[in-house]
Amino acid sequence: MTILTEQEATSLMHSCGIKCSKEKVRQWLDEGILKGSKEATGQYFVGEDDVYNFLEYYRWEGTAFEKGINEKEQIERLLKENIELKDELGKLNREIYELECRLRINPF
(Lines give C-alpha, C1' and ligand atoms only; values in the text may rest on other atoms or scores of the structure.)
Protein backbone atom coordinates (compact mmCIF):
# COMPACT_ATOMS: atom_id res chain seq x y z
CA MET A 1 0.00 0.00 0.00
CA THR A 2 1.30 3.44 -0.93
CA ILE A 3 1.60 5.93 1.93
CA LEU A 4 0.91 9.59 1.12
CA THR A 5 1.64 12.89 2.82
CA GLU A 6 -1.21 15.35 3.39
CA GLN A 7 -0.15 17.25 0.26
CA GLU A 8 -0.03 14.07 -1.83
CA ALA A 9 -3.46 13.04 -0.53
CA THR A 10 -4.78 16.49 -1.45
CA SER A 11 -3.28 16.20 -4.94
CA LEU A 12 -4.84 12.76 -5.38
CA MET A 13 -8.24 14.18 -4.42
CA HIS A 14 -7.77 17.00 -6.93
CA SER A 15 -6.97 14.45 -9.66
CA CYS A 16 -10.26 12.72 -8.80
CA GLY A 17 -12.24 15.96 -9.15
CA ILE A 18 -12.53 16.90 -5.47
CA LYS A 19 -11.84 20.58 -4.87
CA CYS A 20 -10.29 20.87 -1.43
CA SER A 21 -7.39 22.52 0.32
CA LYS A 22 -4.63 20.86 2.31
CA GLU A 23 -6.24 22.46 5.37
CA LYS A 24 -9.58 20.78 4.58
CA VAL A 25 -7.81 17.42 4.22
CA ARG A 26 -6.17 18.00 7.62
CA GLN A 27 -9.61 18.80 9.09
CA TRP A 28 -11.00 15.52 7.72
CA LEU A 29 -7.99 13.73 9.23
CA ASP A 30 -8.43 15.48 12.60
CA GLU A 31 -12.14 14.55 12.62
CA GLY A 32 -11.38 10.94 11.69
CA ILE A 33 -13.48 11.12 8.52
CA LEU A 34 -10.32 10.38 6.54
CA LYS A 35 -8.14 7.71 8.14
CA GLY A 36 -4.48 8.51 8.65
CA SER A 37 -1.57 8.24 11.07
CA LYS A 38 -0.32 11.30 12.92
CA GLU A 39 3.39 11.48 13.64
CA ALA A 40 4.87 13.13 16.74
CA THR A 41 5.71 16.10 14.51
CA GLY A 42 1.99 16.59 13.80
CA GLN A 43 2.36 15.49 10.16
CA TYR A 44 -0.25 13.03 8.90
CA PHE A 45 0.39 10.12 6.59
CA VAL A 46 -2.48 8.53 4.69
CA GLY A 47 -2.79 5.24 2.88
CA GLU A 48 -3.74 5.60 -0.78
CA ASP A 49 -6.52 3.04 -0.25
CA ASP A 50 -7.86 5.16 2.62
CA VAL A 51 -8.08 8.15 0.27
CA TYR A 52 -10.05 6.09 -2.26
CA ASN A 53 -12.37 4.79 0.51
CA PHE A 54 -12.93 8.38 1.63
CA LEU A 55 -13.67 9.46 -1.94
CA GLU A 56 -16.33 6.74 -2.22
CA TYR A 57 -17.91 7.98 1.03
CA TYR A 58 -17.64 11.64 -0.07
CA ARG A 59 -19.20 10.88 -3.44
CA TRP A 60 -22.47 9.74 -1.86
CA GLU A 61 -22.56 11.96 1.26
CA GLY A 62 -25.74 14.03 1.38
CA THR A 63 -27.45 12.03 -1.35
CA ALA A 64 -30.22 9.45 -1.16
CA PHE A 65 -27.53 6.80 -1.54
CA GLU A 66 -25.44 7.74 1.49
CA LYS A 67 -24.67 4.69 3.60
CA GLY A 68 -26.38 4.49 6.95
CA ILE A 69 -29.42 6.68 6.32
CA ASN A 70 -32.90 5.32 6.95
CA GLU A 71 -35.57 4.84 4.29
CA LYS A 72 -37.51 7.95 5.35
CA GLU A 73 -34.44 10.16 4.88
CA GLN A 74 -33.67 8.43 1.58
CA ILE A 75 -37.18 9.14 0.26
CA GLU A 76 -37.05 12.78 1.44
CA ARG A 77 -33.73 13.30 -0.37
CA LEU A 78 -35.05 11.67 -3.56
CA LEU A 79 -38.18 13.86 -3.50
CA LYS A 80 -36.06 16.99 -2.97
CA GLU A 81 -33.77 16.02 -5.85
CA ASN A 82 -36.80 15.36 -8.05
CA ILE A 83 -38.18 18.85 -7.35
CA GLU A 84 -34.78 20.42 -8.09
CA LEU A 85 -34.51 18.52 -11.37
CA LYS A 86 -38.03 19.57 -12.42
CA ASP A 87 -37.13 23.21 -11.71
CA GLU A 88 -33.95 22.87 -13.75
CA LEU A 89 -35.87 21.27 -16.62
CA GLY A 90 -38.36 24.15 -16.60
CA LYS A 91 -35.54 26.70 -16.77
CA LEU A 92 -33.89 24.84 -19.65
CA ASN A 93 -37.17 24.61 -21.57
CA ARG A 94 -37.69 28.37 -21.13
CA GLU A 95 -34.15 29.00 -22.36
CA ILE A 96 -34.76 26.80 -25.43
CA TYR A 97 -37.98 28.69 -26.19
CA GLU A 98 -36.26 32.08 -25.86
CA LEU A 99 -33.42 30.98 -28.14
CA GLU A 100 -35.86 29.62 -30.72
CA CYS A 101 -37.75 32.93 -30.68
CA ARG A 102 -34.54 34.93 -31.01
CA LEU A 103 -33.36 32.78 -33.91
CA ARG A 104 -36.86 32.65 -35.39
CA ILE A 105 -36.89 28.88 -35.32
CA ASN A 106 -40.35 27.37 -35.26
CA PRO A 107 -40.70 24.82 -32.47
CA PHE A 108 -41.61 21.36 -33.65
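If you go through the stretch 13-46 and keep only what is over 19 Å from Glu61 (Cα atoms) and touching a Leu at 6+ places or on another chain (Cβ under 8 Å), you end up with Gly36, Lys38, Tyr44, Phe45, Val46. Out of everything in the stretch 1-20 that is among the small types (Gly, Ala, Ser) and either crowded, with 19+ Cβ neighbours inside 10 Å or modelled with pLDDT under 95 (or both), what residue ends up being farthest from the chain's Cα centre (by Cα)? This residue is Ala9. Filtering the stretch 1-17 to residues that are out of contact with any Phe, Trp or Tyr (no Cβ under 9 Å at 6 or more places or on another chain) and β-branched (Val, Ile, Thr) leaves Thr2, Thr10. Can you say whether Tyr97 is aromatic (Phe, Trp, Tyr), in contact with a Cys (Cβ under 9 Å, 6 or more places away or on another chain) and at pLDDT 90 or above, as far as the supplied structure shows? Against the criterion (aromatic (Phe, Trp, Tyr), in contact with a Cys (Cβ under 9 Å, 6 or more places away or on another chain) and at pLDDT 90 or above), Tyr97 does not qualify. Return the residues of the stretch 46-83 that are touching a helix residue (DSSP H, G or I) at 6+ places or on another chain (Cβ under 8 Å) and surrounded by 13 or more Cβ atoms within 10 Å (Cβ to Cβ); say none if nothing qualifies. Residues satisfying the conditions are Val46, Glu48, Val51, Phe54, Leu55, Ala64, Glu66, Ile69.
The values are calculated or read from the model by the stated rules, or taken from the named source; none is laboratory data. Note that the structure is predicted; figures quoted are calculated from it, not measured. Positions of Cβ are backbone-derived with ideal geometry, glycine not excepted, and every protein chain shown enters the neighbour counts.
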